[in-house]
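Working notes for the structure below.
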Amino acid sequence: MKQTGISYLCNMFKSFLLDTIRAAGQVLLEGIDQNFQVDHKTALNDLVTEVDKHAETLILERIRSHFPDHALLSEESGASQQTSIYRWIIDPLDGTVNFAHRLPICSVSIALEKDGEVIMGAVYNPFLQELFFAEKGKGAYLNDRAIHVSQQDDIQQAFLVTGFPYQWRDMPHDPVEVFGYFIKQGVPVRRLGSAAIDLCWVACGRFDGYWEHYIHAWDVAAGALIVREAGGMVTDFSGQPFQLNGSQLIASNGHIHPQLLQAVQTA
Ligand code: IPD
Ligand code: CA
Ligand code: CA
């Protein structure tokens, strides 16, 4: 059957995205055992390594050579000048603190936005060889296997994950209060250190819910689509659909969302 223009474009973007994220993952895989330089950014443990920069350079060069008109937003280089209906949103290494300590819970995250809406995204953990992918309206996949969120509907039985910002002195909500609220009730909460992996592990049902008080578009652009396409829900702390220019995010299997939302609002 002949492909329409749109499906041809989407297939081309998909194969470009998957090739590129695998190549960037290889940079992480080869870099983790090397002696790499580590620099500090905005806060004491807000780090960037040489490997973050190598992976980012590889991704940006590939996008610029294949799609020179497309706009870019990437963690270490910021936003490009182009105006385009397409924008690539990139975190070349999500989980840098883990990586700097040789803890292999880290990923590459790349999303493609069209007209302000994420239409495709992938997250790759090369150490586990787990490649998550979703395209809007077409479901979510882990290494080509369709994935779905969990069925857990009781927050007391839930398995949760969260993340903490590098500093939160001036923020209105206290992430430790919410963490403590669940821990005091005996609800297990993990802190893995890669927001992109946290989201993907909600999408495939390993976790039932995730929240974070201060994230950036590059941390979650791909992961949020993957959760939604796996049947989950992604909102801000007031329960409105999460927008990429927002900083607070709750993702869940949908069943525990009201309980998670209430806890985050009241703790
Ligand atoms: C960080 C990770 C972490 C989250 C932080 C992010 P980075 O990204 O996703 O899990 O808690 O808010 O900044 O710095 O490793 O790319
Ligand atoms: Ca990140
Ligand atoms: Ca990063």
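The values are calculated or read from the model by the stated rules, or taken from the named source; none is laboratory data. In this text the structure is predicted, and so the values were computed from the model without any measurement. Backbone-built Cβ (ideal geometry, glycine too); neighbour counts: all protein chains shown. These accessible areas exclude ligands, DNA and RNA; they are computed on the full protein's heavy atoms, side chains included. Shrake-Rupley method; radii C 1.70, N 1.55, O 1.52, S 1.80 Å.
Does region 127-140 hold any residues that are part of a strand (DSSP E or B) and small (Gly, Ala, Ser), and which are they?
Here is the first cut: in region 127-140, the residues part of a strand (DSSP E or B) are 130-135, 140.
Residues satisfying the conditions are Ala134, Ala140.
What residue, among those in region 96-107 that are within 10 Å of ligand 1 (Cβ to nearest atom) and touching a Pro at 6+ places or on another chain (Cβ under 9 Å), is farthest from Ala55 (Cα to Cα)? My answer is Asn98.
State whether the residues of region 99-110 include one that is hydrophobic (A, V, I, L, M, F, W, C) and more than 21 Å from Phe36 (Cα to Cα). Checked against the condition, which is being hydrophobic (A, V, I, L, M, F, W, C) and more than 21 Å from Phe36 (Cα to Cα), region 99-110 yields at least one hit.
For first residues located in region 182-196 and touching a residue at least 12 places away in the same chain (Cβ under 8 Å), partners that are in a helix (DSSP H, G or I) and among the charged types (D, E, K, R) and lie 6+ apart or on another chain with Cβ distances below 8 Å form the pairs Leu192/Asp198; Ala195/Asp219; Ala196/Asp219.
The requirement of being over 17 Å from the mean Cα position of the chain (by Cα) and among the aliphatic types (A, V, I, L, M) is fulfilled somewhere in region 133-154, by at least one residue.
Any idea which residue in region 56-85 is farthest from the chain's Cα centre (by Cα), counting only those that are over 17 Å from Gly121 (Cα atoms) and small (Gly, Ala, Ser)? Working first, answer last.
Of region 56-85, the ones over 17 Å from Gly121 (Cα atoms) are 57-58, 61, 64-66, 68-69, 76-84.
Still in the list and also small (Gly, Ala, Ser): 65, 77-80, 84.
Details: Ser65: 25, Ser77: 18, Gly78: 17, Ala79: 18, Ser80: 20, Ser84: 23 Å.
If we take residues in region 56-85 being over 17 Å from Gly121 (Cα atoms) and small (Gly, Ala, Ser), then Ser65 is farthest from the chain's Cα centre (by Cα).
Restricting to region 214-230, and then to whatever is open to solvent by 10 Å² or more (accessible area, probe 1.4 Å) and assigned to a loop (DSSP other than H, G, I, E, B), can you tell me which residue is modelled with the lowest pLDDT?
Let us first name the residues in region 214-230 that are open to solvent by 10 Å² or more (accessible area, probe 1.4 Å), namely 214, 216-219, 225, 228-229.
This time we only want the ones that are assigned to a loop (DSSP other than H, G, I, E, B), so: 214, 216.
Numbers: Tyr214: 91, His216: 96.
For region 214-230, the residue satisfying everything is Tyr214.
Step by step: first the residues of region 171-201, then only those that are open to solvent by 20 Å² or more (accessible area, probe 1.4 Å), under 25 Å from Asp94 (Cα atoms) and of a type in the set (A, V, I, L, M), then the one that is modelled with the lowest pLDDT. Which residue is that? Across region 171-201, the extreme among qualifying residues is Met171. Within region 15-32, can one find any residue that is β-branched (Val, Ile, Thr), in contact with a His (Cβ under 8 Å, 6 or more places away or on another chain) and open to solvent by less than 70 Å² (accessible area, probe 1.4 Å)? Yes, region 15-32 contains a residue that is β-branched (Val, Ile, Thr), in contact with a His (Cβ under 8 Å, 6 or more places away or on another chain) and open to solvent by less than 70 Å² (accessible area, probe 1.4 Å).
Only one of the listed residues (Val38, Val48) is modelled with pLDDT under 95 and under 17 Å from Asp219 (Cα atoms). That residue is Val48. Contact map, region 94-111: first residue in the same structural domain as Val227 (by TED's automatic domain parsing), second residue more than 9 Å from ligand 1 (Cβ to nearest atom) and open to solvent by less than 50 Å² (accessible area, probe 1.4 Å), Cβ cut-off under 9 Å, separation 6 or more or different chains; the map is empty. In the set Gln243, Gln248, only one residue is away from ligand 2 (no atom under 16 Å from the Cβ), in contact with an Asp or Glu (Cβ under 9 Å, 6 or more places away or on another chain) and open to solvent by 40 Å² or more (accessible area, probe 1.4 Å); that residue is Gln243.
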